[in-house]
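Just so it is clear, none of the values below were taken in a lab; they were calculated from the coordinates. Owing to the predicted nature of the structure, the values given are computational and were not obtained by experimental measurement. Every residue, glycine among them, receives a Cβ derived from its backbone with ideal geometry; neighbour counts consider all protein chains shown.
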Amino acid sequence: MTEGRIIRVRGQVQGVGFRPFVWTLARRLGLRGRVLNDPEGVLIHAAGAHLDAFEAALAAEAPPLARVDAVESQSAAFDQLPPDFIIAASAGTGSQTRVTPDAATCEACRIEISTPGRRQGYAFTNCTHCGPRYSILRALPYDRARTAMSGFPMCPDCRKEYEDPADRRFHAQPIACPACGPRLWYEEDACCIEGDPVALAAARLKQGAIVAVKGIGGFHLACDAANPAALALLRQRKKRPAKPFALMAREADLADLIELTPAVLERLRDPAAPVVLARSLGRLPEDVAPGMCSLGVMLPYTPLHHLLLAAFGGALVMTSGNLSGEPQVIGNAEARAKLSGFADGFLLHDREILRRLDDGVERAEPPMMLRRARGRVPGTLPLPAGFDPAAQVLALGGQMKAAVCLVKNGQALLSQHLGDLDDALTLEEFDKAITDCTALFDHHPARIAVDLHPQYRSTEAGEALARAASLPVTCVAHHHAHVAACLGDNLWPREGGAVAGIVLDGTGLGPDGTLWGGELLLADYVSAERIAHLAPAPLPGGDRAAQEPWRNLLVRLDAAGLDPAQLDAICHDKFAGKPVAALRAAIRAGVNAPLSSSAGRLFDAVSALLGLCVDRQTYEGEAAMRLEAIAEMASGYTPSAVSSSGAIDPSPLFRAMLADLDDGIAAPVIAGRFHSWLAESFCVPAAVLVRDGRAGAVALSGGCFQNAHLLKACLAALKGVPVLVHRQVPANDGGLALGQALICLARAAAESR
C-alpha cells in the first residue's frame, strides 16, 4: 500500500488543458499517480513528498481558461499506483462539472496560421487554450467522441500531438489540420468556386458584395464597413433600416475606428471575444450605426476570421445571419435556404455547429454585460452566501431576451441569449435549450421559477414542466426578479438585508396586476415593497405604444396640462395625419389603453418630443438609444431644471422641456437634463432609504440601465451611497432567470423554517 491523497478539482477544468497541466506539475515535483476527467471535474490520485506544494499549485498556477472553484483532498492508501505520473482515460457520464465556453484564437495559434508550416492558412487551427468547446459539445465528459469532431479521425501527425502531454495540443479535442480536419470552401448559387476560399470571399467583399460566413456559433452576414453602397444593400436586403451593425476588425485597425481606451482593449482581448461598445471616431459611414455615437466592435475570434480580415485588409460588418426575428442560422442547408436572398456568396465549412450562440455584447466603460452569449456561456456564477448549495432549481426568465437558469452545486448556469419568444422558431430554440441544458448538466430540479405574467411563453413552459414532473412552481414578480438578479450578480448574501432597488425598463406585470416599469422597491430575496414609481400613463393602442413613440408623447403632454390648441401649436408636425382624436377617445373609454409606469415609454416620449424617433421604432430601443446618443453630446453632467422631490411625475419635466425648446435650448442639453431628472427622481428617495437604515445599498437594474449616460447620472446622484450594478449578468430581461432562481431558493428556505 502507498500512502497519498485523492484530490478532487471542481470548476471549469475540462477542455482547458488541466490534465496536462497536472501531469507537468506532478512530474516537476516528483509525484507518482494519475489524473483523469470524470463527471465531477478532475480526479487525481497522487503520492510523493511534495503533495502540499502540488495541491496549492492546482489553483494558483491553473491554465488560462481554467476556473477552479474548489480543491478537495483526503488521505488515501493505494494498492495500485503507476510508477510515474500518467493521464488516465475519462470515466463516467453525466456532469457535476462546468463546461468551458468557446474561446478566441490564442496568440500561438494566430502566429501558426500566418507562418510556414502544415497549419499555415488553416481555418480550424486550435489548441487546449483556444477554439470551439460548448458549440461543438454533445455530452460530457468532454472528449472528442462526444463532440462535432467525432467524424474527423486524426491523422498520424495530429495523433502524435494529441497524445504528447508536453504538447499544447495534448487532448485538445477539436485538434485538426488540413490532412484530417474540417474543410472550407466558397460557393455562389450553390456551386463551389475553385480557388482559395478565403481569397475568393475577400475579393467579393472588396467588390461590395455581401458574404455569409459560417463561424463557431452561427452565420454572419459580412460586408465592407467602409462602403456606403454595400451597407445600403445589406440594409435593403435585411429590411433593417437603422439598427446598428456589429463590426469586426483587426486590433491594428481599431485606433482608426473607436476611442481605444485600456478598458475597451482589455474587454476586446478577453477569450470570450465579445462585441464591445466604444465611442466612435466618426470615420465610417453613418449607415453603420445611424444616430449612434458608439460602435459595436469585436476582434476576429477564429482562425477563419483572422484569415479573412487579413485578406480583406479593413473592417467588416459582421451582423447575425438570420431572417428578421428568427434565431441565427447554423447549418449549411439552412443558410442556403434562408440567407440566399441576402448573400451573394457563402464561405462554408463542414464542421457541425451543435448550439446556436450569438455574439455577446458588452460595455467596458462603465463595465456591463448587455447580452450574455458565445464565450461566456456556459460559464457559471457562484451563489451568494447563505443559499443551499445542494438545491436544484430551474428558472425560465421572461418573454423578451429569453434565457434560462439552472442552479446546482452552489452554482448558477445562466444560458445563452435565446431571443424573443413571440417568434415560433425562437420558442422552439427555447424549448431545446431547456432540454439540452438539463440533460447536459444532469440537472434534476426540485422547483421551477417563472415570471408572474401568466401569458408569457416562458411561464407557460415552466408550468407545463412542473405539471409533468409534479413540481412546485414559484411565480416571481418581474421587477423583484430584476433586483434579485443584481443582488446575485454582486454576491449579496441571502441574509444581507434589504436594498433600495431602482428598476427602470419597458413593462412587466406587477403584483397588483398592473404594468410596472419605473419602480423604487425596498427588496430582499424573499419580498419586495413598492416605495415609489413613475406616475402611470396610458399605453394607447397597447403594444403599439411600444412601437410608435408619438403615442407616448401625446399622453405625457396631455397629462402635463396643455390644452389641445396649445399642444397642436407646439407639436403640429409630430401629430399631423395621426388619429389623435380617436386615440384620446379610446383612452377616455379605457379601450386598449392600460395604465403603466413604464420608464421605457417615457424615453420614447422624450425622444419623440426632440424629433429623434417619432413615428415608429424600427428596432427595440431605437428611440431611447438615439436619445442617449445625443445626451452624450452634451458636455459633462447636465443638471435637471426640474425639482425631483415628491411624486415621480414627469409633467413638470415636459413643461420645462417645452419651455427649453421655445427658448432655443439645444436638443443634446435637453436630453441630458432629462437623464439627470430621471436619475435624481429615483436616486434621491433611494438614498434616503439607505441613510435611514432601511436599506443596505441601492441596486440598479432593468433594461434602461443599459444606457451608459443614465447609469453614470445615477452613480453621480448616489455619490457616497453603496451602489450595486450589473457586471456579469444583463440588467435587461436576459438576467431575469437568475433573479427568479434566487428568489425561489430564498422563499423555499424561509418556508422550511
Once each part is reduced to its C-alpha centroid, what is the distance from segment 575-633 to segment 434-465 in angstrom? 34
Sequence of ILE86, ILE7 once ranked by neighbouring C-beta atoms within 10 Å, starting from the fewest: ILE86, ILE7
Helix 549-559 sits off the longest principal axis of the Cα atoms of the chain, rounded to the nearest 10 on a 0 to 90 degree scale, by 40
For segment 214-272 and segment 690-736, what is the centre-to-centre distance using only Cα atoms, to the nearest Å? 29
What Rg and what Dmax come out for the chain when only alpha-carbon atoms are used, in angstroms? 27.3, 97
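Which net charge results for the neighbourhood of HIS220, defined as the other residues with beta-carbon distances under 9 angstrom from its beta-carbon, given Lys and Arg at +1 and Asp and Glu at -1?
For residues surrounding HIS220, the net value is 0.
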Per the Debye formula with a single identical scatterer at each Cα and no solvent contribution, what log10 I(q)/I(0) holds for segment 259-303 at q = 0.18, 0.19, 0.25, 0.30 Å⁻¹? -0.56, -0.61, -0.90, -1.07
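Considering every Cα-Cα pair within segment 2-87, what fraction, in whole percent, is farther apart than 16 Å? Could you put the intermediate results ahead of the total?
Details: 1629 of 3655 pairs.
When all Cα pairs of segment 2-87 are counted, 45 percent exceed 16 Å.
From the Cα gyration tensor of segment 372-511, with a ≥ b ≥ c the square roots of its eigenvalues, which class applies: rounded if a/c is under 1.5, or else prolate if a/b is larger than b/c, or else oblate? Display every interim value, and only then the final one.
Values: a/c = 1.38, a/b = 1.13, b/c = 1.21.
It is rounded, given that a/c, with a ≥ b ≥ c, falls under 1.5.
Cut-off is 10 Å between beta-carbons; in what order do GLU632, GLU286, GLU326 appear when sorted fewest neighbours first?
GLU286, GLU326, GLU632
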Summing -39500 (n - 2.57) over every DSSP H run of at least 4 residues in the chain and dividing by its residue count gives a helix-only mean residue ellipticity at 222 nm, to the nearest 500 deg cm²/dmol, of -10000 deg cm²/dmol
A student applying the Cα gyration tensor rule (rounded when a/c is under 1.5; otherwise prolate if a/b is larger than b/c, oblate if not) would label segment 519-630 prolate
By the C-alpha gyration tensor axes a ≥ b ≥ c (rounded if a/c is under 1.5, else prolate when a/b exceeds b/c, else oblate), the shape of segment 623-753 is prolate
Using only the alpha-carbon atoms of segment 321-397 as identical scatterers, what base-10 log of I(q)/I(0) does the Debye formula give at q = 0.20 Å⁻¹? -1.05
What does the net charge come to around ARG5 if you take all other residues with beta carbon closer than 11 Å to its beta carbon, with K and R at +1 and D and E at -1? -3
Please work out the C-alpha center-to-center distance from segment 332-389 to segment 277-316 and express it in whole Å. 18
So what's segment 685-753 giving for Rg/Rh, alpha carbon basis, Kirkwood Rh from the mean inverse pair distance? 1.05
Give me the mean projected area, in nm² to one decimal, of the convex hull enclosing the Cα positions of segment 537-724. 10.9
Provide the per-residue ³J(HN,Hα) series for segment 415-431, in order, calculated from phi with Karplus coefficients 6.51, -1.76, 1.60 and θ = phi - 60°, each as a whole number of Hz, with x at glycine and proline positions. 5, 5, 4, 10, x, 9, 7, 5, 7, 4, 6, 5, 4, 4, 5, 4, 4
Packing-wise, with mean Cβ within 10 Å as the measure, how do 475-481, 494-500 rank, highest first? 475-481, 494-500
With each pseudo-label sitting 7 Å past Cα toward Cβ, what's the ARG183-ALA582 distance in nm, one decimal? 6.0
Please compute the contact order of segment 11-57 in relative form: average sequence separation of alpha-carbon pairs under 8 Å and at least six residues apart, divided by the residue count, as a percent. 36
Net charge near GLY360 (other residues with Cβ under 9 Å of its Cβ; Lys, Arg +1; Asp, Glu -1) is +1
Neighbouring Cβ atoms within 10 Å as the yardstick, rank HIS45, HIS572, HIS50 fewest first. HIS572, HIS50, HIS45
Full-extension gain in nm, ASP563 to GLU495, via 0.36 nm per residue minus C-alpha separation: 19.3 nm
Between the Cα axis of helix 708-717 and the main Cα principal axis of the chain, the angle (0 to 90°, nearest 10) is 70
Using only the alpha carbons, work out the radius of gyration and Dmax of segment 184-362 in angstrom. 15.1, 45
Pairing the Cα long axis of helix 18-28 with the longest principal axis of the chain, what angle in degrees results, from 0 to 90 and rounded to the nearest 10? 50
Two pseudo-spin positions, 7 Å from Cα along C-beta at ALA439 and at ASP573, lie apart in nanometres by 5.8
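Once you have the Cα-Cα distance between LYS712 and ASP164, take 0.36 nm times their residue separation minus that, and quote the gain in nm to one decimal.
Gain in length upon complete extension: 192.1 nm.
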Report the FRET efficiency, 1/(1 + (r/R0)^6), for ALA659 and MET633, where r is their Cβ-Cβ distance and R0 is 22 Å, rounded to 0.05. 0.55
Given +1 on the Cβ of Lys and Arg, -1 on the Cβ of Asp and Glu, and no further charges, what dipole in debye does the chain carry about its Cα centre, rounded to the nearest 20? 640
